[in-house]
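The structure appears below as structure tokens.
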Amino acid sequence: MILFIDTANLKEIEDAADWGYVKGCTTNPSLIAKEGLKQKDVIAKITTLIDGPISAEVTAEDYEGMIEQGKELFAIDPKHIVIKLPMTNAGLKAAKTFKELGIPTNVTLCFSAAQALLAMEAGATYVSPFLGRLDDNGWEAIKLIEDIVTMKMNYGYDTKIIAASIRNTEHVQQCALAGSDIATIPYGVLKKLIKHPLTDDGLEQFRVAAAKTAALGK
Ligand code: G3P
């Protein structure tokens, strides 16, 4: 499963890009607003930090506005930019148009298998089911990923699943076991993925042993 970072914070992106296993970035209007900078400036900077798909979300709610805004965002860096569109009829219509124009899309705010089916039928490059927000509201989030994976297999859709709204490392493991193509993960959770107390214990044991050997001299 490919790992993306779900943030618009440039320091976090720079740090994660350096680890070598984070291959893309997703943003949304809330993440952009947190940074207190213009969307285009943040997105342009992200394209210099990460060499992979970077989702930039439209804020227009009408089809024409989405197309205009999406084209502007795509022009920032056609090699990396993916246009993020909401799960609305206007958003799905825009996904179809962008496919015809050869512009990749990510249909976001997906909370049901039926919605994912529509995004796949519209020809979206990516669809983003939200796990955390389902869990927060008492739904079984991982079942949604399993169902979308099954639909993809049944019909051979090439839309890629980006598991989003990830809250913890367990979510990441569950998504990988369910067969999600990608998980987009907040910086705090990404940092925790490598952590295990037995790894820390093992490192300490090896450090002590290596010091003993080093004390013998060359
Ligand atoms: O970018 C979409 C998604 O990952 C948002 O997550 O934490 O606001 O539910 P969250």
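Quick check, is residue 93 more than 16 Å from the ligand (Cβ to nearest atom), in contact with a helix residue (DSSP H, G or I) (Cβ under 8 Å, 6 or more places away or on another chain), part of a helix (DSSP H, G or I) and open to solvent by 80 Å² or more (accessible area, probe 1.4 Å)?
Values: more than 16 Å from the ligand (Cβ to nearest atom): yes; in contact with a helix residue (DSSP H, G or I) (Cβ under 8 Å, 6 or more places away or on another chain): yes; part of a helix (DSSP H, G or I): yes; open to solvent by 80 Å² or more (accessible area, probe 1.4 Å): yes.
Yes.
Restricting the search to region 133-181, which residues are small (Gly, Ala, Ser) and within 26 Å of residue 21 (Cα to Cα)? Full working, then the answer.
Here is the first cut: in region 133-181, the ones small (Gly, Ala, Ser) are 138, 141, 156, 163-165, 176, 178-180.
Matches in region 133-181: 141, 163, 164, 165, 176, 178, 179, 180.
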- Query: How many residues does region 145-167 hold that are open to solvent by less than 40 Å² (accessible area, probe 1.4 Å) and within 16 Å of the ligand (Cβ to nearest atom)?
  - Reply: 8
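For region 125-144, give me the residue count where each residue is open to solvent by less than 60 Å² (accessible area, probe 1.4 Å) and within 13 Å of the ligand (Cβ to nearest atom). Step through it out loud before you land on a result.
Of the residues in region 125-144, the ones open to solvent by less than 60 Å² (accessible area, probe 1.4 Å) are 125-132, 134, 141-142, 144.
Subset that is within 13 Å of the ligand (Cβ to nearest atom): 126-132, 134, 141.
Going through region 125-144 one residue at a time, the tally reaches 9.
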- Task: Only residues that are over 21 Å from residue 52 (Cβ atoms) and open to solvent by 10 Å² or more (accessible area, probe 1.4 Å): list them for region 102-119, please.
- Result: 109, 111, 112, 113, 114, 115, 117, 118
- Are any residues in region 33-61 in a helix (DSSP H, G or I) and either away from the ligand (no atom under 15 Å from the Cβ) or open to solvent by 70 Å² or more (accessible area, probe 1.4 Å) (or both), and if so, which ones? 33, 34, 40, 41, 44, 45, 47, 48, 49
- Message: Is it the case, given these coordinates, that residue 79 is away from the ligand (no atom under 12 Å from the Cβ), assigned to a loop (DSSP other than H, G, I, E, B), open to solvent by 10 Å² or more (accessible area, probe 1.4 Å) and at pLDDT 95 or above?
- Response: yes
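Kindly evaluate residue 67 against the criterion of being among the aliphatic types (A, V, I, L, M), touching a Ser or Thr at 6+ places or on another chain (Cβ under 8 Å) and open to solvent by less than 70 Å² (accessible area, probe 1.4 Å).
On the way: among the aliphatic types (A, V, I, L, M): yes; touching a Ser or Thr at 6+ places or on another chain (Cβ under 8 Å): yes; open to solvent by less than 70 Å² (accessible area, probe 1.4 Å): yes.
Spelling it out, residue 67 is indeed among the aliphatic types (A, V, I, L, M), touching a Ser or Thr at 6+ places or on another chain (Cβ under 8 Å) and open to solvent by less than 70 Å² (accessible area, probe 1.4 Å).
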- residue 30 part of a strand (DSSP E or B) and hydroxyl-bearing (Ser, Thr, Tyr): no
- Any hit, region 196-203, residues being open to solvent by less than 80 Å² (accessible area, probe 1.4 Å) and in contact with a helix residue (DSSP H, G or I) (Cβ under 8 Å, 6 or more places away or on another chain): no
- Item | Cβ-Cβ under 7 Å pairs, at least 6 apart or on other chains, region 102-118 side under 16 Å from residue 158 (Cα atoms) and hydroxyl-bearing (Ser, Thr, Tyr), far side at pLDDT 95 or above and open to solvent by less than 20 Å² (accessible area, probe 1.4 Å) | 105/82; 105/83; 105/85; 105/95; 105/98; 105/124
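Collect the residues in region 153-172 that are in contact with a helix residue (DSSP H, G or I) (Cβ under 8 Å, 6 or more places away or on another chain) and of a type outside the set (D, E, K, R), keeping them in residue-number order. Talk me through it step by step, then tell me what you get.
Here is the first cut: in region 153-172, the residues in contact with a helix residue (DSSP H, G or I) (Cβ under 8 Å, 6 or more places away or on another chain) are 155, 157, 159, 161, 163-169, 171-172.
Those that are in contact with a helix residue (DSSP H, G or I) (Cβ under 8 Å, 6 or more places away or on another chain) and of a type outside the set (D, E, K, R): 155, 157, 159, 161, 163, 164, 165, 166, 168, 169, 171, 172.
The values are calculated or read from the model by the stated rules, or taken from the named source; none is laboratory data. This one's a predicted model, so the numbers in the text were calculated from it and none came from an experiment. Ideal geometry is used to build each Cβ from the backbone, glycine not excepted, and the neighbour counts take in all protein chains shown. Accessible surface areas use protein heavy atoms only, side chains included; no ligands, DNA or RNA. Shrake-Rupley method; radii C 1.70, N 1.55, O 1.52, S 1.80 Å.
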